[in-house]
Amino acid sequence: MKLLKIVNIGFLWCPLLLFALQNTTSNYKQFEGEVIDTDTGKPLIFATLTVENSNISTITNTEGDFILKVPQELLENNLVVSFLGYTTKRVALNDLTTIKNRITLKASIVELTEVDVNAPKNARVLVERVFFNKGDNYFNSPTVMTAFYRETIKKRRKNVSLSEAVVNVYKTPYYSNRRDALQLYKARKSTDYDKLDTIALKLQGGPYNTLYTDLVKYPDIVFIDQNFDDYNFRFDRSTTVNNNLVYVIAFEQKESISEPLYKGELFINVENQTLTSAVYELNITDREMAARLFVRRKPAKVDVWPTKVAYRVDYRNKNGKWYYGYSNVYLEFKVDWADKLFNSVYSMTAEMAITDWNPNTTNELPKNKERIRTSIILADEASGFSDPEFWGEYNIIEPEKSIESAIKKIQRQLRRAERKSAAKP
């Protein structure tokens with residue numbers, strides 16, 4: 001057996017975090033399919049599918065595929081499908097089959113309107129308004145959200161570690177400084193450390209890494225102390241989200257700032273001045289400084305540094321109030337051995353999607369003993385992929401074909417190992 005050494009990869013924030021529990025529902029019907037561009041047939045990645053007049057939703061994967069489980073009592077409702085820059089579509093659930101549904105969306109052409117002409121002259125002022133008014137525009141009451149979380153570690157294109165979990169997010173009001181809390185409900189994993197040479201690579205923080213991309217709740221992650229003086233802001237273009245006009249504001253750190261900050265785009269709803277999405281990444285200007293921020297532990301003869309650190313967060317609207325709906329974290333880095341000619345490239349992806357939510361009428365958070373450690377490594381906490389009914393009625397993000405193949409391969413290996421063990425006298 002190879003000697004495994006551990007490299008723990010952390011993120012720029014490691015605040016004290018929390019976790020909680022979820023009740024299951026009754027019978028449901030499962031729908032599968034894909035969401036594509038009407039004209040090009042291109043799959044639409046991270047499109048949102050929501051059951052109308054409910055809190056149930058899911059997200060398409062990187063191949064545009066989706067799985068959606070709907071309780072029997074909601075099958076008369078419509079399915080609302082939306083994607084950034086496209087016209088939102090409503091489809092009757094009764095018109096869908098259980099598999100091979102193809103939902104097409106048409107790109108929305110944004111024409112210059114009076115709203116565009118009268119756009120605020122100062123992009124920074126608009127960004128400041130978004131955060132100043134968050135108590136009015138985002139959830140202002142405690143909520144318990146069910147979320148699906150997945151993290152993937154790859155060596156180049158080969159899957160090394162796959163971990164998934166259902167968690168409950170105890171979301172506190174957006175105007176409150178009280179932190180959100182989480183509790184692990186179900187988790188599973190598969191790992192193949194043979195693909196990692198002599199290093200076992202593990203992601204520290206689990207769902208916390210995605211939860212804290214919620215810029216509206218945690219603006220200090222990017223805009224430290226909500227100080228916008230470190231950045232330049234400018235209007236970039238216009239687009240649509242759920243058929244509403246959205247400004248795209250580009251931001252980047254000022255040249256006079258030496259520490260690594262961020263650059264990216266903020267998507268702001270014109271009508272009510274709310275952040276609907278954000279796509280941003282770390283500005284890696286100093287390789288060694290960035291490595292100190294992210295690498296928690298490594299072997300002495302190995303250099304590890306990030307080459308790309310990118311984030312995405314999407315918000316959804318319910319009855320005029322916005323809330324955190326989906327986020328994605330992508331980390332790419334290089335591992336350079338002192339005694340090897342070539343270095344290795346690894347990538348980590350963590351994503352979390354809210355699939356259901358209900359009001360937290362008691363406004364209670366889990367007790368301390370129910371909260372997991374902030375240093376959680378999900379791959380160490382989870383069990384294997386052996387139970388096909390593991391998720392039951394919970395909505396998950398459809399796995400990529402490569403992930404699905406890797407899981408099936410590991411399941412076959414487990415079955416062979418079980419047969420060999422049973423055959424021994």
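The values are calculated or read from the model by the stated rules, or taken from the named source; none is laboratory data. No experiment lies behind these values; they were computed from the predicted model shown. We place every Cβ from the backbone using ideal geometry, glycine too, and count neighbours over all the protein chains shown. When the accessible area is computed, the model is the full protein with side chains, heavy atoms only, and any ligands, DNA or RNA have been set aside. Shrake-Rupley method; radii C 1.70, N 1.55, O 1.52, S 1.80 Å.
Here are a few things to note about the model shown:
- Test: residue in the range 338-354 that is under 21 Å from Thr62 (Cβ atoms), more than 16 Å from the chain's Cα centre (by Cα) and either modelled with pLDDT under 90 or surrounded by 16 or more Cβ atoms within 10 Å (Cβ to Cβ) (or both): yes
- Single residue of the range 29-71 satisfying the filter (more than 24 Å from Thr276 (Cβ to Cβ) and of a type in the set (A, V, I, L, M)) that is most open to solvent (accessible area, probe 1.4 Å): Ile67
- Unmet criterion (only one of (1) of a type in the set (Gly, Ala, Ser); (2) assigned to a loop (DSSP other than H, G, I, E, B); (3) open to solvent by less than 10 Å² (accessible area, probe 1.4 Å)) for Ser176: (3)
- Listed conditions (1) open to solvent by less than 10 Å² (accessible area, probe 1.4 Å); (2) at pLDDT below 95 are all met by Thr143, apart from (2).
- Residue match in the range 287-299 (condition: within 30 Å of Val51 (Cα to Cα), crowded, with 18+ Cβ neighbours inside 10 Å and not hydroxyl-bearing (Ser, Thr, Tyr)): no
- Listed by first and then second residue, the pairs with beta-carbon distance under 6 Å, at least 6 apart or on different chains, first residue in the range 383-396 and of a type in the set (D, E, K, R), second outside any loop (DSSP other than H, G, I, E, B), are Glu393/Tyr28; Glu393/Lys69.
- Residue match in the range 100-119 (condition: crowded, with 17+ Cβ neighbours inside 10 Å and under 21 Å from Pro399 (Cβ atoms)): yes
- Counting only strands (runs of 3 or more DSSP E) that sit completely within the range 286-352, those holding 2 or more residues that are more than 25 Å from Ala165 (Cα to Cα) correspond to 302-318, 321-337.
- Verdict on Phe267 being more than 27 Å from Ala353 (Cβ to Cβ), touching a residue at least 40 places away in the same chain (Cβ under 8 Å), part of a strand (DSSP E or B) and not β-branched (Val, Ile, Thr): no
- Restricting the range 324-337 to residues that are open to solvent by 10 Å² or more (accessible area, probe 1.4 Å) and of a type outside the set (Asp, Glu) leaves a set whose member that is farthest from Phe131 (Cα to Cα) is Trp337.
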